[in-house]
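These notes are about the structure you will find just below.
The values are calculated or read from the model by the stated rules, or taken from the named source; none is laboratory data. What you see is a predicted model, and the numbers here were worked out from it, not measured in a lab. Reconstructed Cβ throughout: ideal geometry from the backbone, glycine too, with neighbour counts over all protein chains shown. In case anyone asks, the SASA skips ligands and DNA or RNA and just uses the protein heavy atoms, side chains included. Shrake-Rupley method; radii C 1.70, N 1.55, O 1.52, S 1.80 Å.
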Amino acid sequence: MSIVLFAGSRHLFPSLLFLFIAGGFQTTFLSAIATLLQIHTDETNRGRIMSLFGLINRGLGPMGSFAFGLIATVIGAPWTVAACGFLTVASVAYVVIYSSQLRDAKAVGEA
């Protein structure tokens, strides 16, 4: 939601605060994902899984940035950023509501 608030902000200091909050959440989220991947992955595949995580996390971003850049030229950057924020919130809500297998996941080796 801080990205959506950033998109609607027209003042410097609230915008910086919203970006700071978003960056903190992104760092926390990515650290948690990396930790969960390492905990829930067998030792023989851990390097491969972390390589895929790095590819998805950093390597595929420019392709999405290109598409959203094209959209921003049509509807404007603030609306595009707000749309991305809403899509993220909706995606997380969907996963939380409809993906019980993620909540019930067990670490490798646990019964």
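What the table shows:
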{"item": "Selected residue [open to solvent by less than 60 Å² (accessible area, probe 1.4 Å), touching a Gly at 6+ places or on another chain (Cβ under 9 Å) and either of a type in the set (A, V, I, L, M) or not in a helix (DSSP H, G or I) (or both)] from 7, 32", "result": "7"}
{"item": "Single match in 80, 44 (criterion: hydroxyl-bearing (Ser, Thr, Tyr) and either open to solvent by 80 Å² or more (accessible area, probe 1.4 Å) or in a loop (DSSP other than H, G, I, E, B) (or both))", "result": "44"}
{"item": "Residues of region 68-77 classified as in a helix (DSSP H, G or I) and surrounded by 11 or more Cβ atoms within 10 Å (Cβ to Cβ), total", "result": "6"}
{"item": "Residue that is nearest to the chain's Cα centre (by Cα) [pool: residues in region 48-66 that are open to solvent by 50 Å² or more (accessible area, probe 1.4 Å) and small (Gly, Ala, Ser)]", "result": "65"}
